[in-house]
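What follows draws every value from the coordinates through simple rules; no lab data is involved. Note that the coordinates shown come from a computational prediction; the quantities given were computed from them, not determined experimentally. So basically every Cβ, Gly included, is an ideal-geometry build from the backbone, and we count neighbours across all protein chains shown.
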Amino acid sequence: MASEKKILGLDNLAFDIGDQVNDQAREKEGKTSGCVAEENRNKPTYCVTDVPSWHLCGFLAIQHYLTAFGGILSIPLILSEGLCLQHDSLTQSRLINTIFFVSGLCTLLQVTFGVRLPILQGGTFALLTPAMVMLSMPEWECPAWTQNASLVNTSSPAFIEVWQSRMRTLQGSVMVASLLQILVGFSGLIGFLMRFIGPLTIAPTVSLIGLSLYDSAGAKLGSHWGISAIFSHKYRSTALIILFSQYLRHVPIPVPAFNKDRKLHTSKFFIFQSMPILLGVLVSWLVCYLLTIYDVLPSDPAQYGHLARTDVKGNVVNDAYWFTIPYPGQWGVPTVSLAGVMGITAGIICSMAESVGDYHSCAKLSGAPPPPKHAINRGIGVEGLGCLLAGAFGTGNGTTSFSENVAALGITKVGSRTVILLSGFFMILMGMLGKIGAIFSTIPTPVLGGMFLIMFGVISAAGISNLQSTDMSSSRNIFVFGFSIFTALVVPNWIMKNPDFFNTGVKELDQVINILLSTHMFVGGFLGFFLDNTIPGTKRERGLLALEELHLQDSGNTLETEEVYNLPFGITSCLSSHSWVRYVPFCPWKGQRTQYKSEDNQTSQSEPLPNGTGVTEEFAF
């Protein structure tokens, strides 16, 4: 979920929509709202305001849901370790239902009232890291008896209080920290902050999100290295990656399709390219099931490989309800920990910086103009509201924009926000089906380990990819990044081994210091921010001009109006008659377009580039 992520391989369509999309595109010729793909192969076939046919819309919505599946699913499964829920699969399934439900709800809010781009919302690893650090503190360490399955009675009041007390503290911390994001977004302060948060701050912060979770991945991988390798090798340089990514990536699976011209016919679906996470889980899961029913895997819990069995988690699917509706306060009244709030706040800041880059990438791929100030302010504010809702519902996490789904826009060439709205409804529906969450909670431990290995590795690499806009031949930049990364690995490791080093006499202050210095992404992000803004260097050297250059390059390939960012249901029209609206940072007003054109003209006359264009020295929303 890294910001401004380069999308590789987008020329290989995951779904051959030519039979359906091209026919419908011809029907749209002459309409100002449509995009003609033949004019420019980089343009989407469907832009933000266009609506595909119902069957195409439904298929693409499901594909977006499956794209976000792995990232959203892994968060409650990792969080359950810190909540002492390793042996309570039924509660894990409820957490899975809750996070999918909230993700769908936040997606609807973001697309309808937020930035209004086709961008899907889901859980964020930026908040998972400080949450796990908080739960690993001595006062929140799980009792020894909760680690022994034979001693755990999941329905006992004592066990319920153990995990719910931790969840309530995490909920309150997320809710309080989310107020900062709401304030920064709706007040317009995000533009001011982005002047100082550059690639050399974002790169170590995002990379350390993945690097800091290596222990969780390693513990699950070690439960059965052979099974884990089946999944992880699908993405590495072994036989399966050669088979799927090289030999089979262009091999389509025929699926039935229908349109007015060709009637009933077959279309092409590139399943090996569009659903790698899901396929990896299913194949590995199937292998575990076959090894279980033929008793190849040991039935003795004390033996190596037992956790790879598919019957380890008992009758969780039978015990789960068919329908369940998550609601705020379902785990009790949230409580607040000052140390937890500070740690989660560090993650919130990282999440905001990532989302701004995602908005610009999404606008480019969906055929929309670069997002104006009010849209970005509104998007960040709505993400803050999403984190507030996630805390209230009890996901133990927040929400953010999913870069993986931004990539899917480039693959399908369909940038319609109607598709993402429908995907949000799918997630809400999946969150209400209790059996679905229960099924996912029974995924064998080594299969999860393989999934984590790939996802955390990709997150780490995606963070480093932010450096491509900086001058990495500069010794200044090499020092800033290298020092930030290495120090962020050393300091938290030492603090975790010496938790009693800080003893100020004030317990709350000791907790805040320990959590902040134990959070890798905070240490790396803070050092990157401080060094990048204090050591002399040009803005081009620091990579701060890349976003302005991107703005100028994309302006000719997008819609001519900014109507896409107006508020829905005629709200913008109602507000435009009031002069005070211009002073509200998240509201569009009728004089804004003239202002933007004037700013663009000033921009083109500021700093000359080698290609003859110009960019401003500052980036403000």
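Structure summary
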{"read-out": "Stretch gain in nm, segment Val296-Val336, where the contour uses 0.36 nm per residue and the Cα spacing is subtracted", "value": "9.6 nm"}
{"read-out": "Dipole of segment 312-415 [Lys/Arg +1, Asp/Glu -1 at C-beta], most positive-end residue of Thr335, Ser401, Gly367", "value": "Gly367"}
{"read-out": "Inter-label distance for Glu139 and Ala158, nm, one decimal - labels placed 7 Å from Cα along Cα-to-Cβ", "value": "2.3 nm"}
{"read-out": "Additional length obtainable on full extension of the chain from Phe530 to Asp500, 0.36 nm per residue less Cα span", "value": "8.1 nm"}
{"read-out": "Label-point separation, Ile478 to Arg262 (7 Å along Cα→Cβ), nm", "value": "5.4 nm"}
{"read-out": "Of Lys263/Lys435; Lys43/Lys268; Lys373/Lys539; Lys263/Lys413; Lys364/Lys539; Lys268/Lys413, those spanning more than 26 Å from alpha-carbon to alpha-carbon", "value": "Lys263/Lys435"}
{"read-out": "Extension gain (nm, one decimal) between Leu179 and Asp471, 0.36 nm per residue minus Cα-Cα", "value": "101.6 nm"}
{"read-out": "Convex hull volume per residue for segment 406-548, taking Cα atoms only, in Å³", "value": "224 Å³"}
{"read-out": "Label point distance in nm, Asp319-Trp580, each placed 7 Å from Cα along Cα→Cβ", "value": "5.6 nm"}
